[in-house]
Amino acid sequence: MPDSRRAILTTLKQRGPATIAQLADALGLTGEAVRQQLLQLNRDGWVDARVERSDERTRTGRPATIYRLSEAGDHLFPKHYDSLTVSMLDAVAEEIGQDALTKILGRLADERVRTFGAGLRGLSLEQKIATLKNWYFEDDPFMDIEPADGGYKIKERNCPFLNTAMRRPALCSISVNALTRVLGFRVVREETFQNGDGRCVFRVLQDQPVDPDSWEFQLESQLTR
């Protein structure tokens, strides 16, 4: 990203929403230079633009366009969500107990099943497998699915929860249980980021069908092959 655009984003982060004139004054640039950069930042989804109408503006001239960081733009700046998540998981386990943490992870797996599996009931395993490219992201280029002895292998190279999962592997129980219920067959991990494999490989065991409605959540460490 060009330095001028990065400077605009940084200024919006530091001072909040601003007009072209305010940004130009803060950065020592011409209004036209700032406008051109903002147009591109808006196209890229990093900033939002909104016309602000007020009584004063209505009386004195054209309403000003206010620019602010979009949600995506704000995520360009450092965040500590991973550390917060780890701390929350530990606090639940220590203050309420391991059983409470297991229930919370189970609830998250339930939500994943509701969100992703809503339209899959009645489909064959092959048809369900075909949808898994969207498990984390739309048409995920880092997920591959291939037939394997006794089922399928799902290879994931870009876990969106990696930083937290590396420190608290129990989080991966959500995916193992949710995939099992969505597909209707047992799913186990054969390779893991935690073991230094550089990816997670989930094996779908086609010889082990399950009833998604009666399946009870278990931590991955408690599941047996």
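The values are calculated or read from the model by the stated rules, or taken from the named source; none is laboratory data. In this text the structure is predicted, and so the values were computed from the model without any measurement. As a convention, Cβ positions derive from the backbone with ideal geometry for all residues, glycine included, and neighbour counts pool all protein chains shown. Areas reflect the complete protein model, heavy atoms only, side chains present, ligands, DNA and RNA absent. Shrake-Rupley method; radii C 1.70, N 1.55, O 1.52, S 1.80 Å.
Brief remarks follow.
- For residue 1, solvent-accessible area (1.4 Å; no DNA, RNA or ligand), Å²: 90 Å²
- Measuring max minus min along each principal axis, the C-alpha atoms of the chain give extents of 73, 43, 37 Å (largest first).
- Gyration tensor over alpha-carbon atoms, region 73-175, equivalent ellipsoid semi-axes in Å: 28, 19, 13
- Working note: Cα atoms of region 172-217, range along each principal axis, descending, whole Å: 34, 20, 11.
- The 1.4 Å probe gives accessible areas that order 19, 65, largest first, as 65, 19.
- Residue-averaged [θ]222 nm for the chain, counting only DSSP H segments that reach four residues, each worth -39500 (n - 2.57): -13500 deg cm²/dmol
- Taking the chain and dividing mean pair separation by its residue count, relative contact order in percent (alpha carbons under 8 Å, at least six apart): 14 percent
- Of 75, 80, the order by accessible heavy-atom surface (1.4 Å probe, DNA, RNA and ligands excluded), from most exposed downward, is 80, 75.
- As a rough guide to protection, the peptides 200-206, 91-97 ranked by mean Cβ packing within 10 Å, highest first, stand as 200-206, 91-97.
- As a fraction of the 1.4 Å probe accessible area of region 83-148, surface on carbon and sulfur atoms comes out at 55 percent.
- Degrees between helix 31-43 axis and first principal axis of the chain (Cα, 0 to 90, nearest 10): 20 degrees
- Where N is the number of residues in region 128-173, Cα Rg divided by 2.2 N^0.38 Å: 1.27
- Accessible surface of residue 179 - all protein chains present, 1.4 Å probe, nearest 10 Å²: 0 Å²
- Accessible area of residue 83 in the full protein assembly, 1.4 Å probe (Å², nearest 10): 50 Å²
- In this Cβ point-charge picture (+1 for Lys and Arg, -1 for Asp and Glu), the chain has a dipole of about 720 debye about its Cα centre.
- What separates the Cα centres of region 153-225 and region 78-92 is a distance of 21 Å.
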